[in-house]
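Notes to accompany the following structure.
The values are calculated or read from the model by the stated rules, or taken from the named source; none is laboratory data. Note that the structure is predicted; figures quoted are calculated from it, not measured. As a convention, Cβ positions derive from the backbone with ideal geometry for all residues, glycine included, and neighbour counts pool all protein chains shown.
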């Protein structure tokens, strides 16, 4: 009876995962669309500026978009009559109109995705390939939601032109060109920016954060260079983890030899993520050895490197190796014997409790 219940629960969970994944993802690219996206070079930019009193002047926004795309190597046209590979539509409104409930998961959870409850000034970016909307949406917003109050505070007579002008300023820094290049899998354009010493580190961080979504195999040698940069090491490690088993030797080396806690913690997390997807058994020994060695000297909180140990414990839970059961059980006792009410200890205890259940799942079911 218990086995039937467990089986039923697992079936329901699996169905739930399938449904949620299906609704979370937007349109899949066909092989033909992938070829078209890769070949994009000329973009037809169509801007619509709307105020509460009607159509506004969108020329400034048009100029900003054209300049920023051109700086990334794209060609821009502004009329239907001129040949183009894709149409980029940008609708900027003084007050964004509510457009209904958004999808959950996937792109919808990114900070630059359309915010359902936002009613202030916003610019919505979408594109059409061969006349078809492929579901990509990004939204730039001002730092104020009430354009009337903001215009009065700035001594501006009309809220509409003021809101459009503020959106234009926002688009000077909103990095839609990088988002589009990542969406279209234009690796070479992004790698050129990563190698350019003039590229601001904030922009490099954004590119690194997008590389896992692109699943680019050509990113590996570029990411290796950034592991030694303290500001870029963590996102570079997480991007490397998206490479799968090929990244295991390098991430293992970083975990075992690096001295900075945040970087070692990122390496442990990356190894755990790879293990969860590949089940590669070579990942477990180095991080399990770290736990075992730490247990030998764990008397007080001062003996714990919380960022590293917490990620190690989470990763062991994802790897589900039986050799982890005895040390994880010992850690479970230690973290409760040590008196510590800090947030770091609470996070380590949460990780330990979850990992105990994961590595000893047979015991949980029985």
Would you check if there is a residue in the range 147-155 being at positive phi and surrounded by fewer than 16 Cβ atoms within 10 Å (Cβ to Cβ)?
-> yes
Residue that is surrounded by the fewest Cβ atoms within 10 Å (Cβ to Cβ), among those in the range 300-315 that are in contact (Cβ under 8 Å) with a residue 24 or more places away in the chain and more than 15 Å from residue 264 (Cβ to Cβ) = 300
The correct count of residues that are over 18 Å from residue 227 (Cα atoms) and assigned to a helix (DSSP H, G or I) in the range 179-191 is 8
Inspect the range 318-328 for any residue being assigned by TED's automatic domain parsing to the domain that holds residue 213, buried (at least 22 other Cβ atoms within 10 Å of the Cβ) and under 30 Å from residue 205 (Cα atoms) and give the result as yes or no.
-> yes
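Please indicate, with yes or no, whether at least one residue in the range 269-281 is outside any helix (DSSP H, G or I), within 24 Å of residue 256 (Cβ to Cβ), at pLDDT below 95 and out of contact with any helix residue (DSSP H, G or I) (no Cβ under 7 Å at 6 or more places or on another chain). Walk me through how you get there before you give the answer.
The initial filter retains those residues of the range 269-281 that are outside any helix (DSSP H, G or I), namely 279-280.
Remaining after also requiring within 24 Å of residue 256 (Cβ to Cβ): 279-280.
Subsequent filtering for residues that are at pLDDT below 95 retains 279-280.
Adding the requirement that they be out of contact with any helix residue (DSSP H, G or I) (no Cβ under 7 Å at 6 or more places or on another chain) leaves 279.
Yes, the range 269-281 contains at least one residue that is outside any helix (DSSP H, G or I), within 24 Å of residue 256 (Cβ to Cβ), at pLDDT below 95 and out of contact with any helix residue (DSSP H, G or I) (no Cβ under 7 Å at 6 or more places or on another chain).
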List the number of the failed condition for residue 259; all other conditions in (1) in a helix (DSSP H, G or I); (2) closer than 28 Å to residue 334 by Cα hold.
-> (1)
